[in-house]
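Worksheet for the structure shown next.
The values are calculated or read from the model by the stated rules, or taken from the named source; none is laboratory data. On a predicted model such as this, the values are computed, not experimentally measured, just so you know. No Cβ is skipped: glycine too gets one built from the backbone with ideal geometry, and neighbour counts run over all protein chains shown. SASA here: full protein model, heavy atoms, side chains in, ligands and nucleic acids out. Shrake-Rupley method; radii C 1.70, N 1.55, O 1.52, S 1.80 Å.
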Amino acid sequence: MITQQFHTVGQVAVLAGVTVRTLHHYDRIGLLVPSERSEQGYRLYDYGDLERLRQIRLLRELRFSLDAIGQMLDATAYDRRSALVGQRELLRERQERTEKIIFGVDRALTALEEEKEMNRTEMFEGLEEFDHEQYQEEAERRWGHTDAYRESMRRTRRYGKNDWARIKEEGETVMARLADLLADGAQAAGRAAMDLAEEHRCHIDRWFYPCSHGMHRALADMYTADPRFMEYFEKRGQGLATFVQDAIKANAARARSRS
């Protein structure tokens with residue numbers, strides 16, 4: 001049984017490991033509004049507020065933006081248990097990758113201390129998920145002759161860690177919102193889905209290369225044709241690859257009708 005006990009903003013900051021300033025910001029933007037106020041106007045948080053804050057912290061750990069988190073938590077179709085199961089799966093995947101890498105580092109340290117070579121069949125275990133070179137080589141082979149590829153290489157060489165973090169957050173936010181629409185039974189050709197498809201196109205256009213609606217349609221075809229793309233989308237929602245593809249094509253058709 002949950003008892004009705006209130007906590008001050010300072011107490012919540014200590015409990016959750018966040019700053020008071022962060023809690024004030026969450027209140028201002030409506031993400032976490034305390035359930036009560038004292039007679040002096042001080043914020044007071046109950047158990048439900050703490051539970052919502054825990055969800056916010058989890059979703060932030062999974063790189064969702066504050067805007068996306070607010071939409072997910074406030075959606076009428078939001079299912080807390082399903083969300084927790086999905087979050088646990090993503091965190092376990094991250095944990096497994098990290099543990100494999102740590103294990104590999106430990107073996108490298110042991111080999112260094114014992115002044116011997118690592119087992120050559122084991123020395124790259126745990127790094128499979130980080131082998132981005134194979135995709136870059138494939139991209140260069142397939143599109144290296146295009147202006148879009150050269151422009152993408154020119155832009156991305158300038159990006160630092162903060163740029164890549166922002167790129168990932170923006171992309172994941174759009175995908176999370178598309179997954180929410182799919183879960184809510186929205187139509188891929190509906191305005192909300194098409195608007196998000198346009199955000200996705202603009203995201204590519206802004207960060208990588210000029211992305212016309214025609215090029216966006218071509219990318220969408222890959223989302224269901226390439227198993228790696230399918231895996232990326234399906235982890236976020238069953239049927240999401242086809243839903244995104246259809247939304248992109250509907251958005252391209254909308255753009256043609258307006259021109």
Give just the number: which of (1) at pLDDT 90 or above; (2) surrounded by fewer than 18 Cβ atoms within 10 Å (Cβ to Cβ); (3) within 30 Å of Val85 (Cβ to Cβ) does Ala188 not satisfy?
-> (2)
Which one of the conditions (1) open to solvent by less than 50 Å² (accessible area, probe 1.4 Å); (2) at pLDDT 90 or above; (3) closer than 22 Å to Trp164 by Cβ does Glu199 fail to meet, given that it meets all the rest?
-> (1)
Inside region 176-197, can you point out the residues that are among the charged types (D, E, K, R) and touching a residue at least 60 places away in the same chain (Cβ under 8 Å)?
-> Arg177, Asp180, Asp184
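Residue-wise test of (1) at pLDDT 75 or above; (2) assigned by TED's automatic domain parsing to the domain that holds Lys235; (3) open to solvent by less than 70 Å² (accessible area, probe 1.4 Å); (4) in contact with a Leu (Cβ under 7 Å, 6 or more places away or on another chain).
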residue	(1), (2), (3), (4)
Glu51	yes, no, yes, no
Gln55	yes, no, yes, yes
Leu58	yes, no, yes, no
Glu61	no, no, no, no
Ser65	no, no, yes, no
Ile69	yes, no, yes, yes
Gly86	no, no, yes, no
Leu91	no, no, yes, no
Glu99	yes, no, no, no
Hey, any hits in region 15-30 for a residue that's in contact with an Asp or Glu (Cβ under 6 Å, 6 or more places away or on another chain) and open to solvent by less than 80 Å² (accessible area, probe 1.4 Å)?
-> no
Across (1) among the basic types (Lys, Arg); (2) open to solvent by 50 Å² or more (accessible area, probe 1.4 Å); (3) in contact with a helix residue (DSSP H, G or I) (Cβ under 9 Å, 6 or more places away or on another chain), Lys168 clears everything bar (3)
Are any residues in region 230-259 out of contact with any Phe, Trp or Tyr (no Cβ under 9 Å at 6 or more places or on another chain), open to solvent by less than 70 Å² (accessible area, probe 1.4 Å), without any contact (Cβ under 8 Å) to a residue 12 or more places away in the chain and under 16 Å from Leu178 (Cβ atoms), and if so, which ones?
-> Glu234
The correct count of residues that are within 27 Å of Arg88 (Cβ to Cβ) and either without any contact (Cβ under 8 Å) to a residue 24 or more places away in the chain or charged (D, E, K, R) (or both) in region 1-16 is 3
Give me a count of the residues in region 206-229 that are open to solvent by 60 Å² or more (accessible area, probe 1.4 Å) and within 20 Å of the chain's Cα centre (by Cα).
-> 4
Would you kindly identify the helices (runs of 4 or more DSSP H) lying entirely within region 171-259 that contain at least 1 residues that are outside the structural domain of Glu89 (by TED's automatic domain parsing) and more than 27 Å from Met153 (Cβ to Cβ)?
-> 191-207, 227-234, 240-258
